[in-house]
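Working notes, beginning with the structure itself.
Rule-based calculations on the coordinates, nothing more; no lab input. Small disclaimer: the values here were computed from a predicted structure and weren't measured. Positions of Cβ are backbone-derived with ideal geometry, glycine not excepted, and every protein chain shown enters the neighbour counts.
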Amino acid sequence: MHELAITQSMFELVLEQAEKAKAKKVDKINLVIGEMTGVVGDCVQFYFNFLSQGTLAEGATISFAMVPPKAQCQNCDETFELKEFDWTCPKCGDNKLQIVAGQELFVESIEVE
Amino acid sequence: MKIKVLKDILSANEQIAQANRHLLNSKGVFAVNLMSSPGAGKTSLILETIKALKSKVKIGVIEGDVSSSLDAALIGKEDVPVVQINTGGECHLDANMVSNAISNMPLQDIELLFIENVGNLICPAEFTLGEHKKILISSIPEGDDKPFKYPLMFNKADAVLINKIDLLPYLKFDIQAFSQAVKGINGKAEIFQISCVTKQGIQEWTSWLLTKMSRK
């Protein structure tokens, strides 16, 4: 449900960047989304199609680079993908972890004409 | 033509949140963003905290709900300033809504501001409001698997309150497994076991809060 607010924010950011570059049209938007954010790509595209009507971003496709959650063990420094229901280091078995990936939510680049 | 952007999607929200924090700091207000699933006990915790601290601290409350002002009416009975935000469908509070709400509050008469977020364990985690601490309530009936299901929320909390601890004898909830999961991804989080019915743990929670306020 937070996709509407996130898409609105993303749309404004894209328009601002496109206008700054004096673009005529936005073809593609490349997003990087951490899986922990729970952002649903289909919802973002749906809201975006609605919000972008009549703007230079109308018709743009959105590409989602999804980043799986990763943690670093605070004991042995091993970095590994966080699995459901098993939050222990696969190398040393410790459970003190630092999340190092999976919370991303940014516009990597836009492709414009 | 490809243009590198590399900008956080929620940077606009972050900017407003920073302005909120700046304003709150200038008025000496300590703000707490209170988050949980619906029915975990956010309003009850605020009421208990008001009762415990009313003689020591000037408290104000922002109530966030999708609709209704039931919670604001409850809090209002305690004779503290309260502003209700109705998000009209949005599942979380954002910095702009809070900015509007604090402009309607007598900040000079408030030292501790509770911002009760919309009951939801997903969306509020993404939106900073300008708060000094994020507090998460997780209650016994919800089950002990919530850290695994909503890791982002648990990762961002400064303290996790296990509410309705008086129901522990009746329900299956492994406190140790829960605490281990929380501590695993969030070493800084304090964990309190509380009950707004029996008042267990309320004193520990309010002492912690007062310590954090004094260190701001």
1/(1 + (r/R0)^6) with r = Cβ-Cβ of A:F85 and B:S55, R0 = 41 Å, i.e. FRET efficiency to nearest 0.05, evaluates to 0.35
Karplus-derived 3J(HN,Hα), 6.51/-1.76/1.60, for each residue of the range B:176-184, Hz, glycine and proline x: 5, 5, 4, 5, 5, 5, 5, 5, x
Share of Cα-Cα pairs in the range B:141-207 beyond 13 Å, whole percent, is 63
The range B:164-185 residues near the modelled B:T198 label - backbone nitrogen below 17 Å, point 7 Å along Cα→Cβ: B:164-176
How many angstrom lie between the C-alpha centres of the range B:164-210 and the range B:77-142? 21
Considering only DSSP beta bridges with both partners in chain B, what is the antiparallel share in %, to the nearest 5? 0
How far apart, in nanometres, would the label points at B:T211 and A:E19 be if each is projected 7 angstrom from Cα along the Cα-to-Cβ direction? 5.0
In whole Å, what three semi-axes, largest first, describe the equivalent ellipsoid of the protein assembly as shown built from its Cα gyration tensor (square root of 5 times each eigenvalue)? 35, 27, 17
Just want the ordering: A:I6, A:I29, B:I191, from fewest to most Cβ atoms lying within 10 Å of their own Cβ. B:I191, A:I6, A:I29
Site B:K77, offset 7 angstrom along Cα→Cβ, radius 18 Å on amide nitrogen, limited to the range B:184-216, gives B:196-199
In Å, the Kirkwood estimate of hydrodynamic radius for the range A:60-113 over Cα pairs equals 12.9
Restricting to DSSP H runs of at least four residues, report the calculated mean residue ellipticity at 222 nm for chain B, -39500 (n - 2.57) per run over all residues, nearest 500 deg cm²/dmol. -10500 deg cm²/dmol
Taking chain A as a whole, which cysteines find no other cysteine Cβ under 4.7 angstrom from their Cβ? A:C43
Of the DSSP beta bridges with both residues in the protein assembly as shown, give the percent that are antiparallel, rounding to the nearest 5. 35
Once phi is turned into θ = phi - 60°, what whole-Hz ³J(HN,Hα) does the Karplus curve with 6.51, -1.76 and 1.60 give for every residue of the range A:72-84, x standing for Gly and Pro? 10, 5, 7, 8, 10, 6, 4, 9, 8, 6, 6, 9, 4
Violations at 29 Å Cα threshold for listed pairs A:K28/A:K91; A:K25/B:K7; A:K28/B:K156; A:K91/B:K172; B:K51/B:K134; A:K22/A:K70 -> A:K28/A:K91; A:K28/B:K156; A:K91/B:K172; A:K22/A:K70
Which of A:D42, B:D94, B:D8 has the fewest Cβ neighbours within 10 Å, and the rest in rising order: A:D42, B:D8, B:D94
Mean ellipticity per residue at 222 nm, deg cm²/dmol - from DSSP H runs of n ≥ 4 across chain A, formula -39500 (n - 2.57): -8500 deg cm²/dmol
Computed over chain B, Kirkwood Rh from alpha-carbon pairs, angstrom: 17.7
Express the relative contact order of chain A as a whole percentage, based on alpha carbon pairs under 8 Å and six or more residues apart in sequence. 36
Can you sort B:Y170, B:Y150 so the residue with the fewest Cβ neighbours within 10 Å comes first? B:Y170, B:Y150
How big is D, in µm² s⁻¹, for the range B:97-216 by Stokes-Einstein at 10 °C and 1.306 mPa s if Rh is the Kirkwood radius over C-alpha pairs? 102
Largest fluctuation, B:N13, B:N163, B:N117 only, Gaussian network model of chain B with Cα springs under 10 angstrom, belongs to B:N13
Quick one: which residues, 5 or more positions from B:Q84 or on another chain, have an amide H under 5 Å from its amide H? H modelled 1.01 Å from N in the peptide plane, none for Pro or chain starts. B:E63
Extend 7 Å from the Cα of B:L167 along its Cα-to-C-beta direction; within the range B:119-141, residues with backbone N under 19 Å of that point are B:119-122, B:136-141
Using only Cα atoms, locate the centre of the range A:78-113 and the centre of the range A:17-34, then give the distance between them in Å, rounded to an integer. 26
Low-density loop trypsin sites (Lys or Arg not before Pro), the range A:5-113, at most 12 other Cβ within 10 Å, DSSP non-H/G/I/E/B, are A:K22, A:K24
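Over all residues in A:80-87, what is the mean tally of Cβ atoms on other chains that come within 10 Å of each residue's Cβ?
3
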Using a Gaussian network model on chain A with a 10 Å cutoff between Cα atoms, which of A:I99, A:I33, A:I62 fluctuates the most? A:I99
Over all pairs of distinct alpha carbons, what does the Kirkwood formula give as the hydrodynamic radius of the range B:1-58, in Å? 15.0
Relative contact order of the range B:11-215, please, whole-number percent, based on alpha carbon pairs below 8 angstrom and at least 6 residues apart. 25
Can you give the translational diffusion coefficient of chain A in µm²/s, computed by Stokes-Einstein from the Kirkwood radius over Cα pairs at 10 °C and 1.306 mPa s? 102
Report the extension gain between A:A65 and A:E108 in nm, rounded to one decimal, defined as 0.36 nm multiplied by the number of residues separating them, less their alpha carbon distance. 14.6 nm
Long-range amide H partners of B:N163 with built H, under 5 Å: B:S138, B:S139, B:I140, B:I194
